[in-house]
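The values are calculated or read from the model by the stated rules, or taken from the named source; none is laboratory data. Just so it is clear, the model here is predicted, and its values are computed rather than measured. A quick note on method: Cβ atoms are made from the backbone with ideal geometry, for glycine too, and the neighbour counts reach across all protein chains shown. For the accessible areas, the whole protein counts, side chains as well, though only heavy atoms, and no ligand, DNA or RNA atoms are used. Shrake-Rupley method; radii C 1.70, N 1.55, O 1.52, S 1.80 Å.
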Number of protein chains: 2
Amino acid sequence: MNSIAKPVAASGKRAKTKAANRQAILAAARQVFARIGFDATTVRDIIRETDLASGTFYNYFKSKEEVFEAIAGESAKRFRPKLQTVREEASSFEEYIRAAYAAYFTFLKAENEEAISNGAPHMALIGVRVDTPEMHAIFDEIRTDLEEVAKSANISLGDSEYLTASAIGIARELGDHMLQRRPVDLEGATRFATTLLLEGVKAIAARPN
Amino acid sequence: MNSIAKPVAASGKRAKTKAANRQAILAAARQVFARIGFDATTVRDIIRETDLASGTFYNYFKSKEEVFEAIAGESAKRFRPKLQTVREEASSFEEYIRAAYAAYFTFLKAENEEAISNGAPHMALIGVRVDTPEMHAIFDEIRTDLEEVAKSANISLGDSEYLTASAIGIARELGDHMLQRRPVDLEGATRFATTLLLEGVKAIAARPN
DNA sequence: AGTAAAGTTGACGGAGCGTCATTAGTCTGA
DNA sequence: TCAGACTAATGACGCTCCGTCAACTTTACT
């Protein structure tokens, strides 16, 4: 046939189904994890929720753990652009901190919206946990952003690794508690974290350890 | 025999063996977890390390998860007295914060001493993680201590739940990074955490949200 | 159309689980 | 001291889930 025929579009049914299957497994896993919790779910539980056979699962993932990491990784991947926007639009150190926390807490709330509405304490916090390469990338990105923004504002950060760790620690733990409150206390958590970190940093800057 | 003989001591071989078996299982579990990691270990791996039979395991624990919780619970139980001492001896808010962080980081280092020395990244952080009743008790204790110490110092804490969460978040995340450094940076982590939290709190106190 | 390559299927052997009938050890009372 | 009652240890058993693989189906290419 005409060799010019299909240059790009539908460049292969193969690839299409592959992507579709992967997504089907991920979607099924989200459902099952949310319904019965991570520990209780088996690979078969996940695959049963799709129209694939058990063996097929292993063409895509090695284990349910790997599925979980993929889900977490996607969360991280969805969050990074927001972080980038925050960095680009921040015009002061304070604004950066506040916007970054606001972005994280908003994201966290959105990711757990379903779990929140049906009152299921199951699988709370599917958003952003565990140690994946993506998580490390986010750590590094935040650290770099902090250094950059601080430099612009002529602020000394002290130990930027420790500062980043602290900022993330606050976000994580505070985020957990924020999600427990009804209504979810986005505004309060953001204000609290921002003030705490910002003023703490100023003190560290003033008294460089 | 003389009925006065054994009033308290060795009040029963039954109880003795029971306690001994429980300890044997916990000790074996520590070893195996450290050697091959939590995920990879099976109940049989643990019991094989003792001279007990597989069925006996289930007289003491429901699963390896429960063993892990018991180990974590023991860590928490060992840490609480230290926390109490800190509270009792602190004569100012700042001193309390510093001593509490120092106590935690010291404890964390000690708990992971073995893992640190043999360079095994396996099962890092056996000290204090997961969600057990003991962990919640520690959260509550810290929260109460903070409130009490703050009151004595006439400092407003703002939202004490959020503050406690933040303090713990900083400790956890900073602790992780502290353990990565060689030599383990106890002093630096303590100073950093103390300054950050202390000055942050002062700011929140000044500007009660 | 014919063939190679890629992907899917589900049945199968194996690993680990938790139980339970049996056995061994400890305690109590006379 | 000993019989009988009771508590705990044992390990074989049935079961669930795992990961693999030979057979089969679908897609790609010429």
Would you check which residues across the range B:125-151 are small (Gly, Ala, Ser) and either at pLDDT 95 or above or loosely packed, with under 15 Cβ neighbours inside 10 Å (or both) and list them? B:137
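Just to be sure, is residue A:48 at pLDDT 95 or above, within 8 Å of DNA strand D (Cβ to nearest atom) and not acidic (Asp, Glu)? Outline the logic, then answer.
Details: at pLDDT 95 or above: yes; within 8 Å of DNA strand D (Cβ to nearest atom): no; not acidic (Asp, Glu): yes.
No: the conditions fail for residue A:48.
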Within the bounds of the range A:95-106, is there any residue that is assigned to a helix (DSSP H, G or I), within 30 Å of residue A:39 (Cβ to Cβ), modelled with pLDDT under 90 and open to solvent by 50 Å² or more (accessible area, probe 1.4 Å)? no
Near pairs, Cβ below 7 angstrom, 6+ apart or cross-chain, from the range A:15-28 (of a type in the set (A, V, I, L, M)) to any residue that is in a helix (DSSP H, G or I): A:25/A:46; A:25/A:57; A:25/A:60; A:25/A:67; A:26/A:67; A:26/A:70; A:26/A:71; A:28/A:46
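Just to check your reading of the model, which residue among A:85, A:41 is among the hydroxyl-bearing types (Ser, Thr, Tyr) and outside the structural domain of residue A:202 (by TED's automatic domain parsing)?
Answer to the selection: A:41.
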Taking the options A:37, A:73, name whichever one is within 16 Å of DNA strand C (Cβ to nearest atom), at pLDDT below 95 and open to solvent by less than 40 Å² (accessible area, probe 1.4 Å). A:37
In the range A:13-34, the residues that are open to solvent by 40 Å² or more (accessible area, probe 1.4 Å), within 14 Å of DNA strand D (Cβ to nearest atom) and either under 12 Å from residue A:64 (Cβ atoms) or of a type in the set (A, V, I, L, M) (or both): A:15, A:19, A:20
When residues of the range A:40-52 are limited to those that are open to solvent by less than 60 Å² (accessible area, probe 1.4 Å) and near DNA strand C (Cβ under 10 Å from one of its atoms), the one farthest from the chain's Cα centre (by Cα): A:52
Residue under question is residue A:29, and the condition is that it be at pLDDT 95 or above and either in a loop (DSSP other than H, G, I, E, B) or away from DNA strand C (no atom under 13 Å from the Cβ) (or both); does it hold? yes
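Please specify each residue of the range A:53-65 satisfying the condition of being away from DNA strand C (no atom under 13 Å from the Cβ) and open to solvent by 60 Å² or more (accessible area, probe 1.4 Å). It would help to see each step written out before you state the result.
Quick first cut of the range A:53-65, residues away from DNA strand C (no atom under 13 Å from the Cβ) only: A:62-65.
Scanning the range A:53-65 gives A:62, A:65.
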Sort out which residues of the range B:152-170 are more than 8 Å from every other protein chain (Cβ to nearest Cβ), closer than 21 Å to residue B:103 by Cβ and open to solvent by 20 Å² or more (accessible area, probe 1.4 Å), and write them in order of number. B:152, B:153, B:155
